[in-house]
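Quick notes on the structure that follows.
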Amino acid sequence: MRKVTFGVGNSLDNFIARTDHAVDWLRWDKEVAAVSAAFWKTIDTVVMGRKTYEVALASGTTSYPGVKNYVFSRTLRESPDEKVAIISEDAAEFVRKLKKRKGKGICVMGGGELAKSLFEADLIDEIGLNIHPVLLGSGIPLFLPMNRQVDLELLECKMFANGCVLTRYRVKH
């Protein structure tokens, strides 16, 4: 079965963006780029919610190259990019089917409602957080309240020269 990874950059106070969705505080350098490039070689599918997709569109990203792109939305009917499939069915059911198909890993981009629904359905296998040395004070939270506890096992903790810390956890199913 394919592995589903929830991967995101977050502030130390657990926000993934400012309240206006800005991510100008994210630190990007060669070291982070190398880790990201290695991760992208392990996946062939990206899933995200409508709000995350709208932020990507606003920044000029219409799809991620070399992977299948799925956006979950109850309101969007089509994407400006033919490489993006808009999915209106239940996200957990769709991802459950994706996990059973042959292929590489699946990356859950963004957070919020989509990540919550996938955690609650016990579909996320790993969490990768790039924790940035900044306290935003407010913003879009990394995790929304869930209806159950999710136990984790630490797989990796790596400090970057830019002050960020990469942590990877396995979800204990």
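Going through (1) modelled with pLDDT under 95; (2) among the small types (G, A, S); (3) crowded, with 16+ Cβ neighbours inside 10 Å one by one, A58 falls short only on (3).
Quick grid of which residues meet (1) under 12 Å from the mean Cα position of the chain (by Cα); (2) under 26 Å from R77 (Cβ atoms); (3) charged (D, E, K, R):
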| site | (1), (2), (3) |
| --- | --- |
| R2 | no, no, yes |
| S11 | no, no, no |
| W25 | no, no, no |
| A33 | no, no, no |
| S36 | no, no, no |
| M48 | yes, yes, no |
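In segment 68-101, how many are open to solvent by 20 Å² or more (accessible area, probe 1.4 Å), assigned to a loop (DSSP other than H, G, I, E, B) and without any contact (Cβ under 8 Å) to a residue 60 or more places away in the chain? Final tally of qualifying residues: 12.
Here K158 meets the list (1) over 24 Å from D13 (Cβ atoms); (2) assigned to a strand (DSSP E or B) almost entirely, failing just condition (1). Of the residues making up segment 145-156, not a single one is within 25 Å of V55 (Cα to Cα), among the acidic types (D, E) and surrounded by fewer than 19 Cβ atoms within 10 Å (Cβ to Cβ). For the residues L76, L57, L26, the requirement of being in contact with a helix residue (DSSP H, G or I) (Cβ under 8 Å, 6 or more places away or on another chain), hydrophobic (A, V, I, L, M, F, W, C) and more than 23 Å from F119 (Cα to Cα) singles out L76. Could you go through segment 17-28 and let me know if any residue there is closer than 21 Å to I127 by Cα and outside any loop (DSSP other than H, G, I, E, B). For segment 17-28, residues closer than 21 Å to I127 by Cα and outside any loop (DSSP other than H, G, I, E, B): present. From the list R27, R18, R2, the one residue that fits, being in contact with a Cys (Cβ under 7 Å, 6 or more places away or on another chain) and surrounded by fewer than 19 Cβ atoms within 10 Å (Cβ to Cβ), is R27.
The values are calculated or read from the model by the stated rules, or taken from the named source; none is laboratory data. In this text, all values refer to a predicted model and were calculated from it rather than measured experimentally. With ideal geometry, Cβ positions are generated from the backbone for all residues, glycine too; neighbour counts draw on all protein chains shown. The protein model used for the area step is the full one, side chains on, heavy atoms only, and it has no ligands, DNA or RNA in it. Shrake-Rupley method; radii C 1.70, N 1.55, O 1.52, S 1.80 Å.
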